[in-house]
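Here's the structure, in structure tokens; my notes come after.
The values are calculated or read from the model by the stated rules, or taken from the named source; none is laboratory data. Please read all numbers here as calculations on a predicted model, not as lab measurements. Neighbour counts are summed over all protein chains in view; Cβ atoms, including those assigned to glycine, are modelled from backbone coordinates with ideal geometry.
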Amino acid sequence: MISSFGRPRRAAIHLLGCLLLIGAPLAADTAVESRPSTAKSGHLYLVSVGVGDPDNITVRAQKTLAEADIVFGMEGTRERFADLLQGKETYEAGHGLFRPMHRQSKPESREGTPAALNQGDSGDVRRQRREQERPRLEAQARQVIREAVAAGKTVAVLDNGDPTIYAPHTGYLTEFADLNPTVIPGLSSFNAANAALGRAITQGEHSRSVILTRTPGDPLDAARLDNLETLAKSRSTLVFFTMRSKFSEFVDQLKAHYPGETPIAIVAHAGYRQDEQVITATLDTILERVGGEKLPFEHLIYVGDFLK
Ligand SMILES: C[S@@+](CC[C@H](N)C(=O)[O-])C[C@H]1O[C@@H](n2cnc3c(N)ncnc32)[C@H](O)[C@@H]1O
């Protein structure tokens, strides 16, 4: 039996060809009509400035910032790039704005920040302050961004690292989805830490895969489908974003799923030429290597046989 599927398809292709021919001059006319006017059209960007030293910012991010009329960023980030922001209208970007509370970490689940790294604030005080400021900052961002884009201005929201990985400003992408925001990519702490390790992280003795995850710290984490037990079973290399978790407790959790001789590495301050630090050991020896030192907020943990 001869299938009849071929014929209508050929007919459709023929019809499409005719339409394209007929449509060609029309398209040209339309192009003339819709030629962009000289007026600047407004746009919203979520821009990575990278991690570590300021020269880790990309050329594309620099160009985007140069063209931005208005910039949102957290205080430290605005200070780090003060020279690029001169003459621009700047605003506080907040932390975790426009994200439903149930999707954020439970405040009581996180350890307090080492005082030296947090200018004396406890983690709880900082979180409370953030929550108090949230309604004002959200209202301000809504008003400023919508008015600016409608007036043909360019707005940049700055973020460190990859703005899509455990990042504080992804709420802007959903809140302003109707404005079609553009994400300008940049160097994640993951990339900078890989470079610091100086090894092929996808070429372990038995593993060829890498999973980015975060240290368990939330009581709900154990119930998640991608809990530590499940991830550890894959024996893929695991890279943990640490977010102020307690290191010694975390090593105990790892030891419940891995043999003591499993290699582990800590990369602190990745991307800073002067301060970057790599510590490699095994699960059995890492606590001794760290020696009770409080780890900085900026550290990633790697577990995997590529470290052997
Ligand atoms: C809120 S997440 C932000 C991650 C960011 N989006 C990125 O792509 O690097 C913060 C966590 O990223 C990691 N981190 C950020 N900067 C780092 C750095 N310079 N060196 C090592 N880890 C870093 C730490 O685990 C920290 O707790």
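Among what's in segment 159-174 and is surrounded by 22 or more Cβ atoms within 10 Å (Cβ to Cβ) and within 12 Å of the ligand (Cβ to nearest atom), pick the residue that is farthest from ALA268 (Cα to Cα). It comes out as HIS169.
Can you pull out the residues in segment 187-245 that are over 19 Å from ALA268 (Cα atoms), of a type in the set (Ser, Thr, Tyr) and within 15 Å of the ligand (Cβ to nearest atom)? Passing the criteria: none in range. What's the number of the condition ALA177 fails, among (1) surrounded by fewer than 17 Cβ atoms within 10 Å (Cβ to Cβ); (2) closer than 30 Å to VAL59 by Cβ; (3) within 16 Å of the ligand (Cβ to nearest atom)? Status for ALA177: all satisfied but (3). When GLU205 is tested against (1) part of a loop (DSSP other than H, G, I, E, B); (2) under 29 Å from THR58 (Cβ atoms); (3) over 22 Å from the mean Cα position of the chain (by Cα), exactly one condition is not met: (2). Of note, GLU108 satisfies the criterion of being in a helix (DSSP H, G or I), at pLDDT below 95, more than 16 Å from the ligand (Cβ to nearest atom) and of a type outside the set (Lys, Arg).
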